[in-house]
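In what follows, a structure is listed as structure tokens, so that the remarks can point back to it.
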Amino acid sequence: MRRVVVVAGVGPGLSASIVREFADHGWSVGLLARTTDTIGSLAREIEDDETAAVPVQADVTDPGDVERAFDEIRAELGAVDTLVNHAATVYAGGVSDVTARQLEEMWRGCVFGAFLCVQAVVPNMRDRNDGTIIFTGADAGTRAREDAVGFSSAKFAVRGLAQGMAKELGPDGIHVAHVVLHGGMDTPRTRRAMPDIDHSSLLDPDEIATTYRHLADQPPRSRTTEVDIRSY
């Protein structure tokens, strides 16, 4: 039976590379996003006679949406073996620039949504004494930035969530890992926004996606809980 991965917060960048990486190595994939544009076309791209893909439109900050989405994925694909928490909401600015509503949106998008998704998969993982939960982190979550006060605080919280869950869920056979990305991603969007940037300073999403899959494949006695990824 094929293993099942759910990627929450699928867009055209790193998350799409993660979806393709798992699909290319025989996993069935559940794709969650607030809009269907990317997940619909991506699901059609990866699905074939051997790979199943289920795209589900859902807002990960809505408990009802999360419950419905994971019920649909389990009905179509079976229990979730790996969850990738990639969803995030980002607003730039310091304490005088970011509004209270924007700060709350960042916390809900980065932290609360991940928490809800974890709650949706943990019962089955505990029953099987196995599973992997991966959080996408950021440099801003290890070194606070003055121009991203809200995002930094949210990503610090994501790191704390990952570390706490690693200690709690590890004895139950559940692998929890936090991937810290240091730098921008080499995507068409980044190149359009920063045409003069040195491309060698950007992170390669396809190469990074292999790290996520390797984390899901690690044996119980040699599991990594935090990974730093840099382009230098």
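The values are calculated or read from the model by the stated rules, or taken from the named source; none is laboratory data. What you see is a predicted model, and the numbers here were worked out from it, not measured in a lab. Using ideal geometry, Cβ is built from the backbone for each residue, glycine included, and neighbour counts are taken over all protein chains shown. Ligands, DNA and RNA are stripped out before the accessible areas are found, and what is left, the full protein with its side chains, is counted by its heavy atoms. Shrake-Rupley method; radii C 1.70, N 1.55, O 1.52, S 1.80 Å.
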So what are the ³J(HN,Hα) numbers for segment 143-153, from phi and the Karplus equation (6.51, -1.76, 1.60; θ = phi - 60°), rounded to whole Hz, Gly and Pro as x?
9, 4, 10, 5, 9, 8, 4, x, 5, 4, 5
When Rg and Dmax of the Cα atoms in Å is calculated directly from the model, which label among [x] 16.9, 53; [y] 20.6, 66; [z] 19.7, 66 fits?
[x]
With a 1.4 Å probe and every protein chain kept in, tell me what percent of the accessible surface of segment 4-230 is carbon plus sulfur.
48 percent
Sorted by packing (mean other beta-carbon atoms within 10 Å per residue), highest first, where do 16-26, 93-103, 128-138 land?
128-138, 16-26, 93-103
Sorted by average packing, counted as other Cβ atoms within 10 angstrom per residue and highest first, what order do 40-50, 217-227, 147-157 take?
147-157, 40-50, 217-227
Say R0 is 35 Å: what FRET efficiency, to the nearest 0.05, do D204 and E104 get from their beta-carbon distance?
0.55
For V90 and D127, what does the FRET efficiency come to when R0 = 25 Å and r is the distance between their Cβ atoms, rounded to the nearest 0.05?
0.10
Using modelled amide H (1.01 Å from N, peptide plane; none on Pro or chain starts), what sits under 5 Å from the amide H of A177, excluding residues fewer than 5 places away?
I133, I134, F135
